[in-house]
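*Asks:* Structure incoming, see below.
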Amino acid sequence: MPIDFHLSESEAGVRAAAAGFAHGVLKPARDEYLKIASCHERFQSTKSAYGIASAGGMLKGQIAPSLGGTGGALTEAAIMVEECYSVEPSAALTIFATGLGLTPFNLLQKPETKEFLEPFTACQGAPLASLVFSEPGGVANWLEKGAKGLNTTARREGDEWVLNGEKIWATNSAGWDFKGCDLACVVCRDVTTEPAPDADPKDSIMILLVTRADLDRNGPDAFQVLRQVDTMGHTSVSGPHIKYTNVRVPAKNVLCQPGEGAPIVLGSFDCSAVLVGAMGVGLMRAAFDAALAFAKNDDRRGAVPLLERQAVADILTGIKMETEACRALTWKAAHAMEKGPGDYNARRELALAAKIYCSDAAVKNVTNAINAVGITAYDKSQPFAELLQNAMVLPIFDGGNVGIRRRHMQQLLLNPSYDAWASTYGPSQ
């Protein structure tokens, strides 16, 4: 079959629906939250927009059909993310973070877990999900032998697991009222028995499900928000410093048994890596459109519009070319993750590349757009400052490019069976 970059009917429908939602719901939500000073209160103000997304099936659309959802291909998700990020990234991230929180279910495909997903497939209310992973002090070396590992622990006691520890940066983890989200996939370390000194840290990693009902049953001291984190970008998103204290959950709440959790965590972030690439494309697209409109209509008191100045045109064409290249890489990575060719490591490499390359490119090209516009970009009524603030986080969240993602690429290169072009042409003969 020939290579074809035309959108299918389904993909075109996703793009149109996402664009309509972004302009009709997310943009007005931004207009409202900008009136509020604190980040956590801004987050709360977006609940109605999130509820509209839920009612419209956007949460259900992030769940695999086998689990009661209507989720499509990862390519469609990338298209949707780009459309939303080109209009309003912050309110959109809350929606997509719930998708990340649900990704472990999609990877595992366990029918017995469907009961936990019912709030998200019902298309009612504003349920929040979160993949609760990051911790104070960082998690870049969480699987290194001999290191401290995760501080969040779970201990088996009879028919229950007891959870303790602190987390930070996990989007949506505290819920709308900061007393806990509807469904948390908490990545933790089993400490039921003392591990051997030479044990592999992976052998103790598990994923424990904590619902809002579980937290309510455990009482007000079981879950605390220690600090609301105000962020430079994505200023309506909630990812606070939280603490679990002796939270008891039933044995059925184990999504991944000890030793099974690490691959699912890594796989979840491989999927989200592709979507971070799409986020970068959306921001670059918005920066290009705004800078192009400015260059067409402003002459800076000269004889011709700025677009007729070679220096400005060179900057704009550079932004446009890199945006197109990043979109192609993101779509290729999304397609490869699900359909190959190559083994999982080959497909994963493209996902990592999309995250790293597109996030770095977003920072560079929003900055280039600012340089093309000049001092007017310094005015906060222009979109450029906010675009740059949102772009700046892409290389450092969802697994920092330096501390995590590039190291994952290095590990692939060091693998004796590394096949450089398998993700493009299939395995070498």
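The values are calculated or read from the model by the stated rules, or taken from the named source; none is laboratory data. This one's a predicted model, so the numbers in the text were calculated from it and none came from an experiment. Quick reminder, even Gly has a Cβ in these numbers, built from the backbone with ideal geometry, and neighbours come from all protein chains shown. Heads up: the accessible areas ignore ligands, DNA and RNA and are worked out on the full protein's heavy atoms, side chains in. Shrake-Rupley method; radii C 1.70, N 1.55, O 1.52, S 1.80 Å.
*Asks:* What pairs come up if the first residue lies in region 375-387 and is touching a residue at least 40 places away in the same chain (Cβ under 8 Å) and closer than 26 Å to residue 359 by Cβ, the second is among the β-branched types (Val, Ile, Thr) and surrounded by 13 or more Cβ atoms within 10 Å (Cβ to Cβ), and their beta carbons are under 8 Å apart, counting only those six or more places apart or on different chains?
*Replies:* Pairs that qualify, where the first residue is touching a residue at least 40 places away in the same chain (Cβ under 8 Å) and closer than 26 Å to residue 359 by Cβ and the partner is among the β-branched types (Val, Ile, Thr) and surrounded by 13 or more Cβ atoms within 10 Å (Cβ to Cβ), are 382/373; 382/376; 384/366; 384/370; 384/373; 387/366.
*Asks:* Inside region 50-81, can you point out the residues that are closer than 21 Å to residue 114 by Cβ, surrounded by 22 or more Cβ atoms within 10 Å (Cβ to Cβ) and of a type in the set (Val, Ile, Thr)?
*Replies:* 63
*Asks:* If a residue must be open to solvent by 20 Å² or more (accessible area, probe 1.4 Å) and part of a helix (DSSP H, G or I), how many such residues does region 104-134 contain?
*Replies:* Total meeting the criteria: 11.
*Asks:* Considering every residue within region 178-192, establish whether at least one is surrounded by fewer than 21 Cβ atoms within 10 Å (Cβ to Cβ) and within 25 Å of residue 236 (Cα to Cα).
*Replies:* Yes, the conditions are met somewhere in region 178-192.
*Asks:* Can you tell me which residues in region 6-30 are among the charged types (D, E, K, R) and open to solvent by less than 70 Å² (accessible area, probe 1.4 Å)?
*Replies:* Hits for region 6-30 are 11, 30.
*Asks:* Would you pick out the residues in region 142-159 that are exposed (fewer than 15 other Cβ atoms within 10 Å of the Cβ), out of contact with any Asp or Glu (no Cβ under 8 Å at 6 or more places or on another chain) and of a type outside the set (A, V, I, L, M)?
*Replies:* Answer for region 142-159, where residues must be exposed (fewer than 15 other Cβ atoms within 10 Å of the Cβ), out of contact with any Asp or Glu (no Cβ under 8 Å at 6 or more places or on another chain) and of a type outside the set (A, V, I, L, M): 144, 146, 148, 157, 158, 159.
*Asks:* Moving on. Check 372, 362 and return the single one that is small (Gly, Ala, Ser), in contact with a Pro (Cβ under 9 Å, 6 or more places away or on another chain), within 20 Å of residue 286 (Cβ to Cβ) and outside any loop (DSSP other than H, G, I, E, B).
*Replies:* Sole residue among the options that is small (Gly, Ala, Ser), in contact with a Pro (Cβ under 9 Å, 6 or more places away or on another chain), within 20 Å of residue 286 (Cβ to Cβ) and outside any loop (DSSP other than H, G, I, E, B): 362.
*Asks:* If you check residue 351 against the conditions, is it surrounded by 24 or more Cβ atoms within 10 Å (Cβ to Cβ) and in contact with a Cys (Cβ under 8 Å, 6 or more places away or on another chain)?
*Replies:* Here the answer is yes, as residue 351 does meet what is asked.
*Asks:* Between a residue in region 160-178 that is more than 24 Å from residue 252 (Cα to Cα) and any residue that is in a strand (DSSP E or B), which pairs come within a Cβ distance under 7 Å, given they are 6 or more apart or on different chains?
*Replies:* Final answer for the pair search is 168/241; 171/130; 178/225.
*Asks:* Moving on. Hey, any hits in region 266-286 for a residue that's within 30 Å of residue 104 (Cα to Cα), open to solvent by 40 Å² or more (accessible area, probe 1.4 Å) and part of a helix (DSSP H, G or I)?
*Replies:* There is at least one residue in region 266-286 that is within 30 Å of residue 104 (Cα to Cα), open to solvent by 40 Å² or more (accessible area, probe 1.4 Å) and part of a helix (DSSP H, G or I).
*Asks:* A further question on this structure: Does residue 379 count as within 18 Å of the chain's Cα centre (by Cα) and open to solvent by 30 Å² or more (accessible area, probe 1.4 Å)?
*Replies:* Against the criterion (within 18 Å of the chain's Cα centre (by Cα) and open to solvent by 30 Å² or more (accessible area, probe 1.4 Å)), residue 379 does not qualify.
*Asks:* Just one of the numbered conditions (1) open to solvent by 10 Å² or more (accessible area, probe 1.4 Å); (2) of a type in the set (S, T, N, Q); (3) in contact with a Gly (Cβ under 9 Å, 6 or more places away or on another chain) is not true of residue 238; which one?
*Replies:* (1)
*Asks:* Quick one: is residue 338 open to solvent by 40 Å² or more (accessible area, probe 1.4 Å), more than 26 Å from residue 88 (Cβ to Cβ) and over 17 Å from the mean Cα position of the chain (by Cα)?
*Replies:* Criteria met by residue 338.
*Asks:* Right, another one. Listed residues 36, 3; which is under 28 Å from residue 287 (Cβ atoms), free of Cβ contacts under 8 Å to residues at least 60 places away in the same chain and open to solvent by 20 Å² or more (accessible area, probe 1.4 Å)?
*Replies:* One residue alone meets the criteria, 36.
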